[in-house]
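Written below as structure tokens is the structure these notes are about.
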Amino acid sequence: MEYKLVCPCIFGLEKIVGFELRRLGGEEIAVENGKVSCRGDALTVARANIGLRCAERVLVEVAAFPARSFEELFQGVLAVDWAAYIPKNGAFPVKGWSLASQLASVPDCQAIVKKAVVEKLKQTHQVFWFEETGERYQIQFSIHKDQVSILLDTSGEGLHKRGYRAHAGEAPIKETLAAGIVDLARIREGDIVYDPLCGSGTLLVEAAMRALNIAPGLRRTFAAERWQTFDQKAFSLARQQALDEADPGGDFEGYGFDIDPQAVELTLQNAKLAGVGEKISARVEDITRHKLQDAGGILLSNPPYGERMLGPAQVKAIHQALGKMHRYNNLKSYIITSAPHFEEQFGKTADRRRKLYNGELKCQLYMYYK
């Protein structure tokens, strides 16, 4: 079966996700604001779930049509061959959103979609009541400018749930965003990476996994793996391909520092859970007092913003310390922050900036190539 994959992502990472999907076998790549779509088979779906570093989910679109009334919505959903996706005992909750459309009430749309799916399954499964005690087939709908998209979520938990971060420190960076920064920093095998404010170690772990070509989804499972209606061999094959392509013994060095001993411990624990514990070291260190020894390499950092209980003077001191570390140690630096005066305090104008979102917070990724 051929699928249309739709992969939502953080605004600003769309092109990266497009390149990832192409590498994983996707065809007819289409990049839009906040999502990337492509076409592929069951193996593409499995490879995308296991291998995408920057996407949030892998959805498959089962229908797309215009609708300006509840009747049009009902008929569009009813036209789908739902039995090809959902068995008699499957659970099929519905969620979604509507924007700039005639059908503005999300709860009403949710009820209409559910009713249409039930009616179609009644016809094909020849039953009149669904216990929904089996595996979960999450249905999603989106309605934008009266255009409806009906999708199934093949991922289950979001793709940022890699399986290595059981605990996180204060204001952690999302794994998918960290992976995007790593991609923009062009981390490769043999690189040396520093994070002087490592928190729970997400940037370092994502950098190590990228450098060693360790797929982010190798240590977790996905919703479609348990679907009766999906080719189960696809995930086994995709997982084996990812294992064959990984190079866990490759060259990479990651060094983390943090003033908080608990953060340092979290970094070491998470690196071990991710399978890169031997590649990452961390120790307690105050960035405002720390000095590298003309180290070379790449600095990645998600410094505390004003929202994180630090006063302006503390934030400024951290930015100044990052600037000194960059200038005195021959480092390339990639720093994400929402602080308005970062470049002034860092002491240098960025070679390039990239607008990114850390949760709901609009940030800038400041990129210094030397």
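The values are calculated or read from the model by the stated rules, or taken from the named source; none is laboratory data. Treat the numbers as computed from the prediction; the structure is a model and nothing was measured. With ideal geometry, Cβ positions are generated from the backbone for all residues, glycine too; neighbour counts draw on all protein chains shown. Surface areas here come from the heavy atoms of the whole protein model, side chains and all, with no ligands, DNA or RNA. Shrake-Rupley method; radii C 1.70, N 1.55, O 1.52, S 1.80 Å.
Computing the accessible area with a 1.4 Å probe over protein heavy atoms, can you report the carbon and sulfur percentage for the stretch 155-241? With neighbouring chains kept in place, the figure for the stretch 155-241 is 46 percent. Modelled spin-label separation between K348 and D247, with each label point placed 7 Å from Cα along the Cα-to-Cβ direction: 2.8 nm. Close amide H contacts of A63 (hydrogens built in the peptide plane, cut-off under 5 Å, sequence separation of 5 or more or a different chain): I150. When +1 charges are put on Lys and Arg Cβ atoms and -1 charges on Asp and Glu Cβ atoms, the dipole computed for the stretch 230-283 relative to its Cα centre reaches about 180 debye.
With both bridge residues required to lie in the chain, what share of the DSSP beta bridges run antiparallel, to the nearest 5%?
Values: 39 of 62 bridges.
Around 65 percent antiparallel, to the nearest 5.
In this structure, the amide hydrogen of A282, modeled 1.01 Å from its nitrogen in the peptide plane, lies closer than 5 angstrom to those of G256, counting only residues at least 5 positions away or on a different chain. DSSP finds beta bridges in the stretch 1-142, and of those with both partners inside it, around 75 percent are antiparallel.
Rounded to the nearest 20 debye, the dipole size of the chain about its Cα centre is 520 debye, using +1 on the Cβ of Lys and Arg and -1 on the Cβ of Asp and Glu.
Per 0.36 nm of contour for each residue apart, how much would the distance between D41 and Q232 grow if the chain were fully extended, relative to their Cα-Cα spacing?
Numbers: separation 191, 0.36 × 191 = 68.76 nm, distance 1.25 nm.
Stretched out fully, the D41 to Q232 stretch lengthens by 67.5 nm.
Surface composition of the stretch 321-370: carbon plus sulfur atoms contribute 44% of the solvent-accessible area (1.4 Å probe, protein chains only, all chains present).
Please sort by residue number the GluC sites (Glu not before Pro) in the stretch 246-288 whose DSSP state is loop and whose Cβ has at most 16 other Cβ atoms within 10 Å.
Working: sites: E253, E265, E278, E285; in loops: E285.
Sparse-neighbourhood loop GluC sites (Glu not before Pro): none present.
Placing a label point 7 Å from the Cα of E278 along the Cα-to-Cβ direction, the residues of the stretch 181-200 whose backbone N falls under 20 Å of that point are 188-193. Fully extending the segment from R327 to H290, taken as 0.36 nm per residue of separation minus the present Cα-Cα distance, adds 12.0 nm.
The sum of -39500 (n - 2.57) across all DSSP H runs of n ≥ 4, divided by the residue count of the chain, sets its helix-only mean residue ellipticity at 222 nm to -10000 deg cm²/dmol. Multiplying the residue separation of K88 and Y369 by 0.36 nm and subtracting their alpha-carbon distance yields 95.5 nm. Of T349, A215, L299, whose Cα points farthest to the positive end of the dipole of the stretch 212-370 (charges on the beta-carbon: +1 Lys, Arg; -1 Asp, Glu; origin at the Cα centre)? So the residue furthest toward the plus end is T349. Taken one residue at a time, the phi angles of the stretch 129-135 give Karplus couplings (6.51, -1.76, 1.60, θ = phi - 60°) of 8, 10, 5, 6, 9, x, 5 Hz. Gly and Pro are set to x.
With both bridge residues required to lie in the stretch 196-347, what share of the DSSP beta bridges run antiparallel, to the nearest 5%? Mind showing how you got there, number by number?
Working: 0 of 10 bridges.
Counting only bridges with both partners in the stretch 196-347, antiparallel ones make up about 0 percent.
What are the residues whose amide H is under 5 Å from the amide H of V193, where those residues sit 5 or more places off or on another chain and H is modelled from the backbone? It is E253, G254, Y255, I298, by chain and number. Residues in the chain average 46 Å² of solvent-accessible surface per residue, probe 1.4 Å, ligands and nucleic acids excluded.
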